[in-house]
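The block underneath contains the structure these notes are about, expressed in structure tokens.
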Amino acid sequence: MTEKLYDMDSHLREFTAQVRACAKEGERWAVTLDRTAFFPEGGGQSADTGSLGGSRVLNVQEASGVILHYTDSPLKEGETVRGILDWEQRFRRMQNHSGEHLLSGLVHARYGYRNVGFHLGDGDVTVDFDGELTRAQLEELETAVNRAISENVAVTCWYPQKEELAALDYRSKLELKENVRLVKFEGYDLCACCAPHVSRTGEIGSLHILDHMRHRGGVRLRMLCGLDALEDARARYLATAEISGLLSVPQLETPKAVRRVLGELEELKQALADSRRQVLRMKADAMPETEGNLCFFEKEMDMLSLRELVNAGMAKCGGVCAAFAGKDGDWKYIIGSRNTDLRSMAKEINAAIGGRGGGRPEMIQGSCIASRQQIEDYFGIAGDKKWN
Ligand SMILES: [Zn+2]
């Protein structure tokens, strides 16, 4: 068994320990110590990293009470080494994890919902509850957690005796009977957890619920605490400030301004589409009648306009009228005819122009990858019969 220094002192950043064993495992070495402050992966929290002697600790895992430190180079058995944690990372994880306990404790006390999923990544924390919560309820909970943080209440962790444990009402994900470690947020929560926590709630700084969504009959929310929350909020302020500057409106009026701009954009798109269709009608009107085929090539065109163009062209030609939107190698097409059964021709046409698609006897549509030249060659459009 490895002595878990983080259990009793979550703020221990440096320690000395004796190397018990060091075995090569693939590209890494698995090092065991007599004691450690490195927290192994567990309870939704990732493993600590840092340095041990002259080696980097890349991962830490626990197996039957023994903690394995996976390092990038070997250490000598029996040697006394100094371990140094990547403290900034660990502290931020403690802020987030302790914040999650406060939130889950309040959710359980107020609504009876259980925390059924917890992921603590760096800068990304999600919590799942087995009941639905509205935005208003989540805002109240967020405020309540931040009040509990400002009250700076004590957080204690201990291993109770069997009898003591049996008499306690605590939250737990696992049905553990032995070696249960409890984490108590004075006046707020009691929960079984193996991870290191802050000593007083003030260390959490703040808790922000970023967003929420329905998830498996309950709710999944993303949250951040402390320094992670500060950095996230700063990035959001900067983004809002930039939008506010671009639109020349106060920051809190940016949603209204963006909706206005999007509305204007929609109107312009509509006007542009109308103008394009008008130009197409003029083109079609200017076409002389022909017994052969007609081909049109346009850079950008929606399918509705393409169809209108084909309809106008069909009335002017004896063969097929084919309209293409896009560029060589990437076309969308609509082909129409008053006297050819295009549905039965679709396979042959597609084979010739590298296309896929189909439709009705009088009109087919799809996409193709041929060049404009190949398409014109196939439909027999050349010289003065070429139309744009
Ligand atoms: Zn926990």
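Pairing residues of region 133-162 that are over 25 Å from ALA192 (Cβ atoms) with residues that are among the aromatic types (Phe, Trp, Tyr) and open to solvent by 60 Å² or more (accessible area, probe 1.4 Å), at Cβ distances under 9 Å and at least 6 apart in sequence or on separate chains, gives GLN137/TYR111.
Name the single residue that is surrounded by the most Cβ atoms within 10 Å (Cβ to Cβ) among those in region 168-205 being farther than 26 Å from ASN146 by Cβ and more than 12 Å from the ligand (Cβ to nearest atom). So the residue we want is VAL180. In a strand (DSSP E or B) and over 20 Å from GLY380 (Cβ atoms): which single residue out of GLY326, GLY336 fits that description? One residue alone meets the criteria, GLY326.
Applying the selection to region 41-59, what residues are over 26 Å from the mean Cα position of the chain (by Cα) and open to solvent by less than 10 Å² (accessible area, probe 1.4 Å)?
If we filter region 41-59 for residues that are over 26 Å from the mean Cα position of the chain (by Cα), which is where we start, we get 50-57.
Residues satisfying the conditions are GLY50, LEU52, SER55, VAL57.
Looking only at residues of region 155-167 that are open to solvent by 70 Å² or more (accessible area, probe 1.4 Å) and among the aliphatic types (A, V, I, L, M), we find that the one that is farthest from GLY42 (Cα to Cα) is ALA167. GLY123 fulfils the conditions (1) on the phi > 0 side of the Ramachandran plot; (2) open to solvent by 60 Å² or more (accessible area, probe 1.4 Å) except for a single criterion, (2). Only one entry of ARG214, ARG236 meets the criterion of being free of Cβ contacts under 8 Å to residues at least 40 places away in the same chain, within 30 Å of ARG93 (Cα to Cα) and among the charged types (D, E, K, R), and that entry is ARG236.
Given HIS101, HIS119, HIS108, which one is out of contact with any Pro (no Cβ under 6 Å at 6 or more places or on another chain), within 16 Å of the ligand (Cβ to nearest atom), part of a strand (DSSP E or B) and within 24 Å of HIS208 (Cα to Cα)? Steps first, answer last, please.
On the way: HIS101 fails: part of a strand (DSSP E or B); HIS108 fails: part of a strand (DSSP E or B).
Unique residue meeting the criteria: HIS119.
Residues in region 248-286 that are outside any helix (DSSP H, G or I) and of a type outside the set (Val, Ile, Thr) were compared, and the one that is surrounded by the most Cβ atoms within 10 Å (Cβ to Cβ) is PRO250.
Here is a check on your reading of the model: is ASP86 within 30 Å of ARG200 (Cβ to Cβ), of a type in the set (Asp, Glu), touching a Ser or Thr at 6+ places or on another chain (Cβ under 7 Å) and at pLDDT 95 or above? Explain how you work it out, then say what you get.
On the way: within 30 Å of ARG200 (Cβ to Cβ): yes; of a type in the set (Asp, Glu): yes; touching a Ser or Thr at 6+ places or on another chain (Cβ under 7 Å): yes; at pLDDT 95 or above: yes.
Yes: the conditions hold for ASP86.
Based on this model, can you work out whether SER64 counts as under 24 Å from GLY202 (Cα atoms), open to solvent by 10 Å² or more (accessible area, probe 1.4 Å) and modelled with pLDDT under 95? No; evaluated as a whole, the condition is false for this residue. The set of residues in region 82-119 being among the aliphatic types (A, V, I, L, M) and surrounded by 19 or more Cβ atoms within 10 Å (Cβ to Cβ) consists of LEU85, MET94, LEU102, LEU103, LEU106, VAL107. Of the strands (runs of 3 or more DSSP E) lying entirely inside region 129-247, those containing at least 2 residues that are within 30 Å of the chain's Cα centre (by Cα) and of a type outside the set (Val, Ile, Thr) are 189-192, 207-215, 218-225.
Return the total of residues in region 4-25 being over 20 Å from SER199 (Cβ atoms) and either of a type in the set (Val, Ile, Thr) or open to solvent by 60 Å² or more (accessible area, probe 1.4 Å) (or both).
Filtering region 4-25 for residues over 20 Å from SER199 (Cβ atoms) gives 16-25.
From the residues that got through so far, the ones that are either of a type in the set (Val, Ile, Thr) or open to solvent by 60 Å² or more (accessible area, probe 1.4 Å) (or both) too are 16, 18-20, 24-25.
Going through region 4-25 one residue at a time, the tally reaches 6.
Report yes if some residue within region 142-154 is of a type in the set (Asp, Glu), closer than 27 Å to MET213 by Cα, surrounded by 16 or more Cβ atoms within 10 Å (Cβ to Cβ) and within 16 Å of the ligand (Cβ to nearest atom); otherwise report no. No, region 142-154 has no match at all.
Got at least one residue in region 77-94 being over 23 Å from ARG13 (Cβ atoms) and within 16 Å of the ligand (Cβ to nearest atom)? Can you show your working first?
If we filter region 77-94 for residues that are over 23 Å from ARG13 (Cβ atoms), which is where we start, we get 77-78.
If we keep only those that are within 16 Å of the ligand (Cβ to nearest atom) too, we end up with none.
No - not one qualifying residue is present in region 77-94.
The values are calculated or read from the model by the stated rules, or taken from the named source; none is laboratory data. Owing to the predicted nature of the structure, the values given are computational and were not obtained by experimental measurement. Because the Cβ atoms are built from the backbone with ideal geometry, glycine has one as well, and the counts that use them run over all protein chains shown. Quick note on the areas: whole protein, heavy atoms, side chains included, nothing else; ligands and nucleic acids left out. Shrake-Rupley method; radii C 1.70, N 1.55, O 1.52, S 1.80 Å.
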